[in-house]
Amino acid sequence: MRIDISNAQINVEVKGRGQPVLLVHGFPFDHRMWSHQFAELGQRVQVIAPDLRGYGTSSALREPTSIARFAEELMEVLDRLPVESPADLCGLSMGGYIALQLVHRWPDRFRRLVLCHTRSAADSVETARGRRLAIEQIRRRGPADFLAAMAEKLIAPSTASNSPEKRAEMMQWLAEASPESLVHTLDALATRPDATPWLGSLPLPVLVVAGNEDGITPAAEMREMAEKIPQARFIALPDCGHLSPLERPGEFNAQVLQFLTSD
Ligand code: MLT
């Protein structure tokens, strides 16, 4: 379904009925990142999986944006959908940065939060510098080298060797990312605020999902983040890199459903 928001159309995949859960994809993917969740989660809850602006079939991203702006756009989407409030929320990596913005700014609109492979901290000086170099590289030579380097870090080596079809699926998603969206989003990532001061006052139950082989958001760092959240439960999935919904869908779906449907 397509939802009109200010100056853009957002593509949203909606599956199932019941308690709504907004799934926010990571960078530089789109709603298909949750392909292995739709059927299973959709049997128990209502899955709402948008393409962020600039991704999938949502409107193009032609100007600078921010993590806060992505959050505002998702809030507009939620306001226009006929769904119950408060909704549940699940964000992966960049989707987690956006989810933290959403619960910080609109705490009454969310009931439970799942944070996957993400962090509350802003970019270090070094990471932000790396993003600026990547922007230059994409502008000069196109996105192929940047995406190839990113692909190496996203899934665990065991996933890549045992499940080549999952790697192929991920490569297909990466190949479809628009260079313009990559550039604007890299800038948004580099300039996002530190959400760590918000953790201690998060007013809702939070499930923190890490992967034991995640080299982008290491499990130890995610455990430390979980320890700062009053109502958090931390899990680390074995043989899993940065993309548990793709790499370990069985465990991921079971853990998320248990968390969302328990009293
Ligand atoms: C993501 O998966 O969304 C990215 O790794 C986020 C980031 O680069 O900070």
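The values are calculated or read from the model by the stated rules, or taken from the named source; none is laboratory data. Note that the coordinates shown come from a computational prediction; the quantities given were computed from them, not determined experimentally. All Cβ positions, even for glycine, are placed from backbone atoms using ideal geometry, and neighbour counts span all protein chains on display. Heavy atoms of the whole protein, side chains included, go into the accessibility calculation; ligands, DNA and RNA do not. Shrake-Rupley method; radii C 1.70, N 1.55, O 1.52, S 1.80 Å.
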Would you list which aspartates and glutamates come within 16 Å of K153, measuring only between C-alpha atoms, while excluding same-chain residues fewer than 8 positions from it?
-> D145, E169, E213, D214, D239, E247
Just from its helices, what would the mean residue ellipticity at 222 nm be for the chain, if runs of 4 or more DSSP H residues each count -39500 (n - 2.57) and the sum is divided by every residue, rounded to the nearest 500 deg cm²/dmol?
-> -13000 deg cm²/dmol
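Using only Cα atoms, figure out Rg for segment 55-98 and give it as a multiple of 2.2 N^0.38 Å.
Cα-based Rg divided by the globular estimate yields 1.26.
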Given the C-alpha centroids of segment 187-206 and segment 3-67, what is the distance between them in whole angstrom?
-> 21 Å
Restricting things to alpha carbons, tell me how big segment 1-72 is in terms of Rg and Dmax, in Å.
-> 12.5, 38
Just for the chain, what percent of DSSP beta bridges are antiparallel, to the closest 5?
-> 25 percent
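Under a point-charge model restricted to the Cβ atoms of Lys and Arg (+1) and Asp and Glu (-1), what is the dipole moment magnitude of the chain relative to its Cα centre, in debye to the nearest 20?
Working: 28 positive and 33 negative charges, 42 e Å.
Here the size comes out at about 200 debye.
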Could the peptides 157-169, 9-21, 178-190 be put in order, highest first, of the mean number of other beta-carbon atoms found within 10 Å of their residues?
-> 178-190, 9-21, 157-169
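How big is D, in µm² s⁻¹, for segment 107-162 by Stokes-Einstein at 37 °C and 0.692 mPa s if Rh is the Kirkwood radius over C-alpha pairs?
Values: Rh = 14.5 Å.
The Stokes-Einstein estimate is 227 µm²/s.
How much area per residue is accessible in the chain when the probe is 1.4 Å and only protein heavy atoms are counted (Å²)?
41 Å²
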Between N162 and E126, what is the spin-label point distance in nm, taking each point 7 Å from the Cα along the Cα→C-beta axis?
-> 3.1 nm
As computed over the chain, the Cα convex hull volume per residue (Å³) | 113 Å³
Return the ratio Rg/(2.2 N^0.38 Å) for segment 12-113, where Rg is computed over Cα atoms only.
-> 0.98
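Order the peptides 224-237, 103-116 from the highest to the lowest mean number of other Cβ atoms within 10 Å of their residues. Don't skip to the end; give the middle numbers.
Details: 224-237: 16.9, 103-116: 20.1.
So the order, starting with the most tightly packed, is 103-116, 224-237.
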Pairwise label distance in nanometres, A175 with T261, each label 7 Å out on the Cα-Cβ vector | 3.7 nm
Round to a whole number: what % of the accessible area of the chain belongs to carbon and sulfur, probe 1.4 Å?
-> 49 percent
May I ask for log10 I(q)/I(0) of segment 157-210 at q = 0.18, 0.20, 0.28 Å⁻¹, from a Debye sum over the Cα atoms as equal point scatterers with solvent left out?
-> -0.91, -0.91, -1.01
Here the convex hull volume per residue of segment 114-263, taken over Cα atoms and given in Å³, is 118 Å³
Here the residues of segment 74-101 lying in the modelled label zone of S201, meaning backbone nitrogen under 20 Å from a point 7 Å along Cα-to-Cβ, are 97-101
Taking segment 49-172, the equivalent ellipsoid from its C-alpha gyration tensor has semi-axes in Å, biggest first, of 28, 19, 16
Separation in nanometres of the label points that stand 7 Å from Cα toward Cβ, at R2 and E76 = 1.5 nm
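Quick check for me: using +1 on Lys/Arg Cβ and -1 on Asp/Glu Cβ, what's the dipole size of segment 34-186 about its Cα centre, in debye to the nearest 20? Show your work: numbers first, answer last.
Numbers: 19 positive and 19 negative charges, 70 e Å.
Computed charge dipole of segment 34-186: roughly 340 debye.
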